[in-house]
Each structure stands twice: as structure tokens, then as C-alpha cells.
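Peer 1: Please find one structure pasted underneath; my questions will follow.
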Amino acid sequence: MRLPRVVMWQRIAEILAAEISAGTYPPASRMPTETALAQRFGVNRHTLRQAVGALSDAGLVSVQHGRGTFVRPAPVIEYPVGTRTRFSEILSQQSRLAEGELLAVRESAASAEVAQALDIAAGDPVTILEILRRADGQPVSLKTAHLSSARFRGIEVAFRETNSLTAALRQFGVADYTRRSTRIWARLPTPEEAVLLHQKTAEPILVMETVDQDEAGRPVEYGMARAAGQRVQVLVAS
């Protein structure tokens, strides 16, 4: 692939940075050799080294002489689990930018497990939101949020307006909420989860099953979050 000669090394650096962000080269993985990359872009090794140097200066890769160039591991997010857990607040305290993307929304009959968690009858309609959460643009977790349709019908509209479940709940009169319970375990991701989280299927994920309640003690949301195991460190607050 031949690129325009104008600031070619910058263009190459931009392309490789985008591929690192997209997960083409996962954290801690080894980049292709200088020779392979130079052939790919149709440039000499000097130009290629300028591009790699820019990636190194940006903190995206580490050049290890004699071994190669490696993608730097993404900074680990410390995720405290306590009575008050807010994704955006947690990231803000760690100087990270939080984003939430609504991937899908559907309505379904509550299973016995979901009904018990939300204190509704089995078979009652629940609104299910599939949310992808990012930190500084890097996928961190997938969350499946179950909410009573009778109480929160149309909450997906509020979420699209705010990109925040906490802010969306405020529009339905839930000024604040706390964590009633959290259950955590590890497993391997499904192929779809691995793609969305930009990780390998052989790398474990953390699964967090949660129930949140409002100030009156009434269940608000039953959630199932799947977090990238190498990017999230759970801290249990005492």
C-alpha cells in the first residue's frame, strides 16, 4: 500500500494508532517486524522507524531492542464495589473519560431470577438495555441492565439523551440509588463479547451480577456486567 509522500511517517503512525485502538494489535501483543511494516506501507525502514517512534512517544508502544515492538498494556481501572458504585464517577476520579453506548434495547418477560431481583411477578415485562462502556475510548465492560417496563418504560430514550443510566434514572424520579448486592465470578468470553471488548477468547472476563435499589429500598435495576479481566481490578470496599 503506497501512501502520499507528504509526512508519510505521520500517516503511518495514525493508521497504526487507529489499529491499536480498534484491537487489531491487542495490549501486550507484539507488532509486526519493521521489515513487514515497511513492506506493507511501501516505505524504507527509516520512515517506518519515525512512525514507530511517534507511537512510542505517545505511550502506545514499547520498543525493546533485540525483541521487537510491543503494544503497551492498557492502564488498569480500579473498580471499587460498595454501596455506591457509579461508572462515570469511578473513571473521573482516575482522570479517565467515561462513555456509554447503547448497543440494543428490547422488552422481554421477566424470568424467575430477574423477577425476584426486581421484586416483580415472573412474566412481567422488563426493558433490557445492552450497554458498552468505554474508558478513554477503550472498551471496558458490557452491561445488560434489566428494568421494570411498568416503572421505566421509555428509559432507552433518556439513556440516548444522556449516555448515562444514572442520569436516565433521574428522569424517572430516581434521585439516587445504592447497591443492594454484588456477585462476582470469572469465565471465558463468548466470541461476540471478545470482539466488543477487544480481547482474545482465551482471556478471562469478570462477571458482576448486581441489584441496585432506590432510597426507599425498592429495586431499580438488575444488572449483569462483563468486564475485560486484564483492564479491570475490582476493589471490595469494607
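The values are calculated or read from the model by the stated rules, or taken from the named source; none is laboratory data. Values in this document were obtained by computation on a predicted structure and should not be read as measured data. No Cβ is skipped: glycine too gets one built from the backbone with ideal geometry, and neighbour counts run over all protein chains shown.
Peer 1: Within region 213-238, can you find the residues that are surrounded by fewer than 18 Cβ atoms within 10 Å (Cβ to Cβ), within 14 Å of the chain's Cα centre (by Cα) and either of a type in the set (A, V, I, L, M) or more than 29 Å from VAL76 (Cβ to Cβ) (or both)?
Peer 2: Within region 213-238, just MET224 meets the criteria.
Peer 1: Which residue, of THR182, THR162, is of a type in the set (Val, Ile, Thr), more than 21 Å from VAL81 (Cβ to Cβ) and either in contact with a Ser or Thr (Cβ under 9 Å, 6 or more places away or on another chain) or surrounded by 13 or more Cβ atoms within 10 Å (Cβ to Cβ) (or both)?
Peer 2: Values: THR182 fails: more than 21 Å from VAL81 (Cβ to Cβ).
Going through THR182, THR162 in turn, just one is of a type in the set (Val, Ile, Thr), more than 21 Å from VAL81 (Cβ to Cβ) and either in contact with a Ser or Thr (Cβ under 9 Å, 6 or more places away or on another chain) or surrounded by 13 or more Cβ atoms within 10 Å (Cβ to Cβ) (or both): THR162.
Peer 1: Considering each residue of region 190-206, count those that are of a type outside the set (D, E, K, R) and surrounded by fewer than 18 Cβ atoms within 10 Å (Cβ to Cβ), and give that number. Break it down stepwise before answering.
Peer 2: As a first pass, look at region 190-206 and keep what is of a type outside the set (D, E, K, R): 190-191, 194-199, 201-202, 204-206.
Checking which are surrounded by fewer than 18 Cβ atoms within 10 Å (Cβ to Cβ) leaves us with 190-191, 195, 201-202, 204.
Selection size over region 190-206: 6.
Peer 1: Inspect region 137-144 for any residue being in contact (Cβ under 8 Å) with a residue 24 or more places away in the chain, more than 28 Å from ILE20 (Cα to Cα) and not β-branched (Val, Ile, Thr) and give the result as yes or no. Steps first, please.
Peer 2: Quick first cut of region 137-144, residues in contact (Cβ under 8 Å) with a residue 24 or more places away in the chain only: 137-144.
Still in the list and also more than 28 Å from ILE20 (Cα to Cα): none.
The answer is no, given that none of the residues of region 137-144 is in contact (Cβ under 8 Å) with a residue 24 or more places away in the chain, more than 28 Å from ILE20 (Cα to Cα) and not β-branched (Val, Ile, Thr).
Peer 1: Give all pairs with beta carbons closer than 6 Å in which a residue from region 1-30 that is assigned by TED's automatic domain parsing to the domain that holds ARG67 meets a residue that is at pLDDT 85 or above and exposed (fewer than 12 other Cβ atoms within 10 Å of the Cβ); count only pairs at least 6 apart in sequence or on separate chains.
Peer 2: Taking only residues 6 or more apart or on different chains, not a single pair turns up.
Peer 1: Continuing with this model, one more query. Going by what's in this entry, would ALA110 be described as in contact with a Ser or Thr (Cβ under 9 Å, 6 or more places away or on another chain), surrounded by 16 or more Cβ atoms within 10 Å (Cβ to Cβ) and either modelled with pLDDT under 90 or among the aliphatic types (A, V, I, L, M) (or both)?
Peer 2: Numbers: in contact with a Ser or Thr (Cβ under 9 Å, 6 or more places away or on another chain): yes; surrounded by 16 or more Cβ atoms within 10 Å (Cβ to Cβ): yes; either modelled with pLDDT under 90 or among the aliphatic types (A, V, I, L, M) (or both): yes.
Considered against the rule, which asks whether it is in contact with a Ser or Thr (Cβ under 9 Å, 6 or more places away or on another chain), surrounded by 16 or more Cβ atoms within 10 Å (Cβ to Cβ) and either modelled with pLDDT under 90 or among the aliphatic types (A, V, I, L, M) (or both), ALA110 comes out as yes.
Peer 1: Take ARG72 and tell me if it is at pLDDT below 90, touching a Gly at 6+ places or on another chain (Cβ under 8 Å) and either buried (at least 19 other Cβ atoms within 10 Å of the Cβ) or among the basic types (Lys, Arg) (or both). First the steps, then the outcome.
Peer 2: Working: at pLDDT below 90: yes; touching a Gly at 6+ places or on another chain (Cβ under 8 Å): yes; either buried (at least 19 other Cβ atoms within 10 Å of the Cβ) or among the basic types (Lys, Arg) (or both): yes.
It is true that ARG72 is at pLDDT below 90, touching a Gly at 6+ places or on another chain (Cβ under 8 Å) and either buried (at least 19 other Cβ atoms within 10 Å of the Cβ) or among the basic types (Lys, Arg) (or both).
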